[in-house]
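The values are calculated or read from the model by the stated rules, or taken from the named source; none is laboratory data. These numbers were taken from a predicted model, which means no experiment stands behind them. Every residue, glycine among them, receives a Cβ derived from its backbone with ideal geometry; neighbour counts consider all protein chains shown. These area figures cover heavy atoms from the full protein model, side chains too; ligands, DNA and RNA do not enter into them. Shrake-Rupley method; radii C 1.70, N 1.55, O 1.52, S 1.80 Å.
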Amino acid sequence: MRGRVAVVTGGASGIGKVTAYRLAAEGGRVVLVDCVDAEAEAKAIAGEDGRAWGIVADVADEAAVGAAFEAVASREGRLDVLVNAAGIGSPRPITIEEATLAEWHRLCAVNLTGTFLCCRAAIPIMQRESNGAIVNVASEIGLVGAPRSAMYGATKGGVVQLTRALAVDHAPDNIRVNCVCPGPVDTPLLRQACARAADPEAKRRREIESTLLNRLGRPEEIASVIWFLASTEASFMTGSIVVADGGVTAR
Ligand code: NAD
């Protein structure tokens, strides 16, 4: 990562936050983009040497995303890595007939449109150097069905397919596009999903027991996969969907 510039969306919490720390620790300059104050986390990462900074932007807002990537291009002059980790879970555990159209639109706007907008803004900057790596964060629920997850799963399945199609279009630009599909990972998103369930403790137990390893993942374990896909260690990988789910989808 030394000398390389990375944007991490969702960098203020969970998987995105730990990924931002990891990319900075590997020597990269990191820009955290989040709808909550990303600057505070960036300052913590940067310490004294200023290797990280933050932008507050809603990834579902076309103008805000455009302005964020313009700021990255003008301040850093290049962009080597984009990690799309910003995301939201289902607002409540519901089946499709209980869902409102507004809930569907918001999930699509953040998880799928947000990924689309950030990729669309990043690729022209990467094309200038004929170099880039994009890592999208989908979910194991984008690959298999799960109870009461039709809306969330559809957005994540969209991210999986967006990844493959972008890999095809941008291989000639030397831009690799890959995707990681985490299983249940102990982050605020999962904790909120458990808290919203009728029986939070039972929901957490079900998440743990859904894995072969009989535990939740740690955000560091997903950040390692993201780092690998973003790095030149994964130079022959593009269009890959890498599952890191503790074995949820193995059975
Ligand atoms: P998290 O809630 O800890 O972090 C998500 C971050 O995204 C937060 O900082 C939040 O402010 C930011 N964000 C949300 N909406 C945004 C918006 N509109 N614009 C900009 N930033 C926004 O959650 P996490 O678990 O770290 O999730 C990261 C990604 O991993 C998400 O895409 C999530 O769907 C995916 N994922 C998580 C799990 C899990 O079990 N935690 C499993 C599979 C996939």
Probe 1.4 Å - accessible area at GLU26, Å² to nearest ten: 60
Cα-based reach from LYS43 at 30 Å (exclusive), listing lysines while leaving out same-chain residues under 8 positions away: LYS17
Top of PHE116, PHE228, PHE236 by mean-square fluctuation, Gaussian network on the chain, Cα under 10 Å: PHE236
Positive-end extreme of charge dipole, the chain - chosen from MET237, ALA6, VAL159 (charges on Cβ): MET237
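Taking R0 as 25 Å, what's the FRET efficiency between VAL160 and ALA202 from their Cβ-Cβ distance, rounded to 0.05?
On the way: r = 29 Å, r/R0 = 1.16.
That gives a FRET efficiency of 0.30.
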Low-density loop positions, chymotrypsin sites (Phe, Trp or Tyr not before Pro), segment 1-98 - DSSP coil, at most 16 other Cβ in 10 Å: none
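Select from the chain the helices, each a whole stretch of DSSP H, whose alpha-carbon atoms run 20 Å or more along the helix axis and whose Kyte-Doolittle mean is at least 0.0; answer none if there are none.
Working: long enough: 62-76 (21 Å, 0.39); 114-129 (24 Å, 0.46); 150-170 (29 Å, 0.32).
Membrane-span-like by this criterion, though nothing is claimed about a membrane: 62-76, 114-129, 150-170.
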Whole-number D in µm²/s for segment 116-249 (Stokes-Einstein; Kirkwood sum over Cα pairs; 37 °C, 0.692 mPa s): 209
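Would you please give the FRET efficiency between ARG120 and ARG251, computed as 1/(1 + (r/R0)^6) with r the Cβ-Cβ distance and R0 = 41 Å, to the nearest 0.05?
On the way: r = 37 Å, r/R0 = 0.91.
For R0 = 41 Å, the calculated efficiency reads 0.65.
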Residue order for ILE134, ILE55, ILE96 - accessible surface, 1.4 angstrom probe, largest first: ILE96, ILE55, ILE134
Ordering of 156-167, 207-218 by packing [mean C-beta count within 10 Å, highest first]: 156-167, 207-218
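So for THR249, THR232, what's the accessible-area order with a 1.4 Å probe, most first? Provide the component values of the computation, followed by the final result.
Numbers: THR249 50, THR232 100 Å².
Sorted descending by solvent-accessible area, the residues read THR232, THR249.
Calculate the dipole size of the chain relative to its Cα centre from +1 charges on Lys and Arg beta carbons and -1 charges on Asp and Glu beta carbons; express the result in debye to the nearest 20.
For this selection, approximately 380 debye.
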Value of Rg/Rh across segment 1-122 [Cα atoms, Kirkwood radius]: 1.03
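Return the carbon/sulfur percentage of the accessible area of the chain, one whole number, probe 1.4 Å, all protein chains in place.
Working: 6130 of 11260 Å².
So the carbon and sulfur contribution to the accessible surface is 54 percent.
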Area of MET126 that stays accessible when all protein chains are in place (1.4 Å probe, Å², to 10): 0
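Under the rule a/c < 1.5 gives rounded, and otherwise a/b versus b/c splits prolate from oblate, where does segment 171-241 land using the Cα gyration tensor?
Numbers: a/c = 3.31, a/b = 2.78, b/c = 1.19.
It is prolate, given that a/c is not under 1.5 and a/b is the larger ratio.
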Max mean-square fluctuation residue, GNM over the chain, Cα-Cα springs under 10 Å, options LEU190, LEU112, LEU101: LEU101
Expected 222 nm ellipticity per residue - DSSP helices of 4 or more, -39500 (n - 2.57), all of the chain, to 500: -14000 deg cm²/dmol
Whole-number D in µm²/s for the chain (Stokes-Einstein; Kirkwood sum over Cα pairs; 20 °C, 1.002 mPa s): 119
